[in-house]
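Heads up, the thing below is written out as C-alpha cells.
The values are calculated or read from the model by the stated rules, or taken from the named source; none is laboratory data. Predicted, not measured: the structure shown is a model, and the values here were computed from it. Glycine gets a Cβ as well: all are built from the backbone with ideal geometry, and neighbour counts include every protein chain shown.
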Amino acid sequence: MDSSKKIKQNQIEDYISNSTQIELNNKVNSSEISNLIREEFLFIASQTFTLSNNYGQVYSVEVSGQGALKESQYTLVPDNQVTINDTLDVGDYVVILYSNAVAGLQPYYSQAEVDNLLSNKANSALNYVEKSNNYTALITDDIINFTNGTYILNLFTAVGNIGKKLTITNTGVGTITLDTLGFIYSGETIDIVSNNINWIMIWVY
C-alpha cells in the first residue's frame, strides 16, 4: 500500500472514504442498523486482523481511507478474522465494517449512509478528558487535552494494548512532558499508538 497517502487520525475517525461509493455485498435494513460494527486497526506485523465479534457479514475492508478493497484482496477466516492479501506498509490503518447479523439484508448500502452512520458511531465512542495537572493516562482515554500549565503525562503500559491510540493536545500556554517520548508545546497535538512493546508517535500537528 502507498504509505504516502496516509490521512490524519481525526479524519480516519470521521469516515472511511469520500473518494468512492462503496459497493457492498449486503445492505443492513433500517431495523438492523444497530448491528453495524466498525473497527480500526493499525498494521504492525500480522496481516490477519481479529474482530471483537464473530461476523455474520463483512461489508467493507479499507486501508488508510483510500477506498474499499475488492473481495479478492482479502480473505475471511472463520469466525472473526480478516486477512488482507495485498502487502501492507507499517503504519497503515485498516478499517473493517461488518455485522454479526445475517438476516434481513438487501443488496446495497450507499456511501452517504455509511459516512453518516460511522461518523456518529466514531464521534460518540471517543472518551475526551481535560487536565490542568500532572496526569496518568487511563486505558479508557482517547483524547487528553491539557488546557493550562506545564505538566507531566504518564502513559500506561504499551504491552498488551497493541493498536491502542491516544491523542494528546496542548491548548494551554505551558509545555507537556509526554512520558519518555518528548514534549508537547503550546498549540501542538500528537497522536501515539501502542505497538505492543512501546508507544510510538504517528502524527504531530
Residue among 134, 198, 127 that is loosely packed, with under 15 Cβ neighbours inside 10 Å and modelled with pLDDT of 95 or more: 134
Residue list for region 63-101, filter: farther than 19 Å from residue 42 by Cβ, modelled with pLDDT under 85 and of a type in the set (Ser, Thr, Tyr): 99
Tabulated pairs, region 158-183, first over 16 Å from residue 134 (Cα atoms), second outside any loop (DSSP other than H, G, I, E, B) and among the acidic types (Asp, Glu), C-beta under 6 angstrom, 6+ apart or interchain: 167/191
Selected residue (criterion: surrounded by the fewest Cβ atoms within 10 Å (Cβ to Cβ)) from residues of region 44-60 that are modelled with pLDDT under 90 and of a type outside the set (S, T, N, Q): 45
Residue 172 touching a strand residue (DSSP E or B) at 6+ places or on another chain (Cβ under 9 Å) and surrounded by fewer than 18 Cβ atoms within 10 Å (Cβ to Cβ): no
